[in-house]
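Structure record follows, encoded as structure tokens.
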Amino acid sequence: MQNLKIMEKKERNDAEGTIRVLILSDRLLKEAQSLAEYLISLDHFEVVGIALNRQQAMELAEESNFDFLIIAGYLRVFDSYEVIAELRGLKKSFQTVHWAILDSLILEFCKQYQIVLTFDRTLPMESFAAFLWECKYDKKGFEEGQRPKKGHAEVSESNDQKLYQTVHCRSLH
């Protein structure tokens with residue numbers, strides 16, 4: 001099966017302000033496609049492709065730069081998680097996000113493969129887009145040697161803990 005390459009170009013410059021994602025999923029193809037279509041519909045988001053396995057992810061990564069590798073659900077072929085280390089070995093600059101129903105299995109994969117960002121895929125896609133935007137902003141701030149704004153990594157006192165998770169990066173470590 002060929003990878004589902006999306007490369008939607010919308011008269012955008014390559015400057016700051018565009019978030020590029022690569023989606024990897026070998027089970028939740030409809031959900032991955034829906035996520036890709038949603039992100040493409042937004043300004044400032046680009047989906048470089050949907051990879052169905054490790055090899056396709058590597059091929060897409062050779063062709064494109066991206067800010068986030070989004071793993072949709074757990075991967076049925078566990079070896080596919082090794083793509084994270086392989087991409088890091090190529091000196092690709094990206095963050096990995098596990099977009100899944102967060103349970104003990106997913107958290108164990110995150111720990112094993114050093115995935116520090118998670119997002120509950122049962123929450124609205126709009127919230128996920130906001131989460132990615134916030135995470136990229138924080139990453140940029142750290143690269144420039146700036147400290148994150150107060151409250152970015154603190155526990156929210158709000159009544160809606162899920163809402164907090166949608167607008168703040170969350171580290172498992």
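Readers should treat all values here as calculations from the given coordinates under stated rules, not as data from a laboratory. Every value quoted in this text rests on a predicted model; they were computed, and no experiment measured them. Cβ sites come from the backbone with ideal geometry, for glycine too, and all protein chains shown count toward neighbours.
At a glance:
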quantity	calculated
Charge dipole magnitude, Cβ of K and R +1, D and E -1 - segment 19-123, Cα centre, debye nearest 20	180 debye
Residues with amide H under 5 Å from that of Arg20, placed H, sequence gap 5 or more	Glu46, Asp67, Phe68
For segment 19-123, share of DSSP beta bridges that run antiparallel, in % to the nearest 5	0 percent
Dmax and Rg, reported as Rg then Dmax, of segment 19-123 (C-alpha, Å)	12.5, 34
Mean Cβ count within 10 Å, highest first, over the residues of peptides 111-123, 63-75	63-75, 111-123
Rounded FRET efficiency, nearest 0.05, which uses the C-beta distance separating Leu42 from Gln112 and R0 of 22 Å	0.10
